[in-house]
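The values are calculated or read from the model by the stated rules, or taken from the named source; none is laboratory data. The shown structure was predicted, so the numbers you read here are calculated from the model rather than taken from an experiment. So basically every Cβ, Gly included, is an ideal-geometry build from the backbone, and we count neighbours across all protein chains shown.
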């Protein structure tokens, strides 16, 4: 049972776990921004964003809020990409596809040769 079920369950579990981590980061950030999360002396991306809520700071001092916003976005997107990569690495259906694509190299080489011959004939006869 372990041999049949676990390979098919592992990839979705990893994706859900990485999405949960990204969701936890966004939840903590939004609660800290609203003043309900981590309190002021402790540094948090949400606290950094809430310190820059006045229009004058938003327009004249972007170095107060831009690094925190970029850090949130880069962190969440990279965690999601890591989850997608782990899913591709552990999904047994993707491994079958990779083995099949290796056996199709002769077909790919034949398609490349025919495309190259078509381009060569078109260039030799003139374009236009």
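Below are the figures for this structure:
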read-out	value
Residue in the range 1-10 that is under 23 Å from the mean Cα position of the chain (by Cα) and either surrounded by 15 or more Cβ atoms within 10 Å (Cβ to Cβ) or modelled with pLDDT of 85 or more (or both) present	yes
Residues of the range 34-43 that turn out to be over 22 Å from residue 73 (Cβ atoms) and surrounded by 14 or more Cβ atoms within 10 Å (Cβ to Cβ), as a count	0
Residues of the range 44-77 classified as under 22 Å from the mean Cα position of the chain (by Cα) and loosely packed, with under 12 Cβ neighbours inside 10 Å, total	4
Every residue from the range 5-43 that is in contact (Cβ under 8 Å) with a residue 24 or more places away in the chain and farther than 19 Å from residue 71 by Cα	7, 8, 10, 11, 12, 14, 15, 17
Sole residue being at pLDDT 65 or above, in a helix (DSSP H, G or I) and within 30 Å of residue 6 (Cα to Cα), chosen from 31, 58, 86	86
